[in-house]
Amino acid sequence: MMGDTRKAAASLNTGGVIAYPTEAVFGLGCDPKNTPALKRLLALKKRPLDKGLILIAASIEQIQAYIQPLSPQELSQVSSSWPGPVTWVVPVKEGISDLVTGKRDTIAVRVTNHPVAAQICHDFGGAITSTSANRSGQPPARTVAGVQEQFGNQLDYIVEGQTGGRGEPTTIWDIKTGVLLRP
């Protein structure tokens, strides 16, 4: 596993698009600061540009480059659910790509507790995108074979491993409104 995550991180550092296991499904990831990689990921998925992408990280420190400072109460709220399968929509910092935010003034972020996904972020040294490994309208891949079936050899690297066993994608909460956006 360790060698696989280092190879995945090396691929991310050179603009690659990778697949890796997450809490519920396999995810597709790239460097959220690399515009060509973001465009390629969205094209592979055939995903509308206005949907935005979730970022995952190994620690809250890794997402601070992307988010506005949170109030002590907001920080306590997100910290109590992380690491874990809870995604928060929070105010985004200026200068973050519209390909990540979907042209919103918010960004979806999660500190993952999936050991492989977290190790990739650790090895990469920052947050990465996390969108389900499927073409839009298709069911998300839950295995390496499922990823290969949908994407063949179009990805730069696939990290082997098991998903976290969740039946549903992670929940998504809006930090400002307290609204549950995805149960």
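Which loop-located trypsin sites (Lys or Arg not before Pro) does the stretch 107-181 contain, where loop means any DSSP state but H, G, I, E or B and the Cβ has at most 16 other Cβ atoms within 10 Å? Please report the intermediate quantities before stating the final value.
Working: sites: R110, R135, R142, R166, K176; in loops: R135, R142, R166, K176.
Hits after loop and neighbour filter: R135, R166, K176.
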Exercise for review: Please figure out what share of the DSSP beta bridges in the stretch 33-175 is antiparallel and state it in percent, rounded to the nearest 5.
Suggested key: 50 percent
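Per residue, how big is the convex hull of the stretch 2-182 when only Cα atoms are used? Give it in Å³.
Details: hull volume 18.5 nm³, N = 181.
Per-residue hull volume (Cα only) is 102 Å³.
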Review point. Residue farthest toward the positive end of the dipole of the chain, with Cβ of Lys/Arg at +1 and Asp/Glu at -1: which of W88, Q68, N34?
Key: N34
Exercise for review: Would you be so kind as to identify which of L49, Q77, N13 lies farthest towards the positive end of the dipole of the stretch 2-182, taking Lys and Arg as +1 and Asp and Glu as -1 on Cβ and the Cα centre as origin?
Suggested key: L49
Study note, to complete from the structure: The alpha-carbon center of the stretch 117-144 and that of the stretch 72-86 are separated, in whole Å, by 21 Å
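Please check the chain for the longest run free of GluC sites (Glu not before Pro) that are loop-located per DSSP (anything but H, G, I, E, B) and have at most 14 other Cβ atoms within 10 Å. Mind showing how you got there, number by number?
Numbers: sites that count: E94, E160.
Answer - 1-93.
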Check your understanding: Roughly how many debye, to the nearest 20, is the charge dipole of the chain about its Cα centre, given +1 on each Lys and Arg Cβ, -1 on each Asp and Glu Cβ, and no other charges?
Key -> 440 debye
Review point. For the stretch 1-67, what is the charge dipole size about the Cα centre, in debye to the nearest 20, if Lys and Arg each add +1 at the Cβ and Asp and Glu each add -1 at the Cβ?
Key: 340 debye
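Pairs K7/K103; K7/K51; K7/K93; K46/K176; K46/K103: which are spaced more than 27 Å apart, C-alpha to C-alpha? Let's see the in-between values first.
Numbers: K7/K103 31 Å; K7/K51 29 Å; K7/K93 30 Å; K46/K176 30 Å; K46/K103 18 Å.
Check vs 27 Å cut-off fails for K7/K103; K7/K51; K7/K93; K46/K176.
None of the figures in this text is laboratory data; all of them are computed from the coordinates on show. This one's a predicted model, so the numbers in the text were calculated from it and none came from an experiment. No Cβ is skipped: glycine too gets one built from the backbone with ideal geometry, and neighbour counts run over all protein chains shown.
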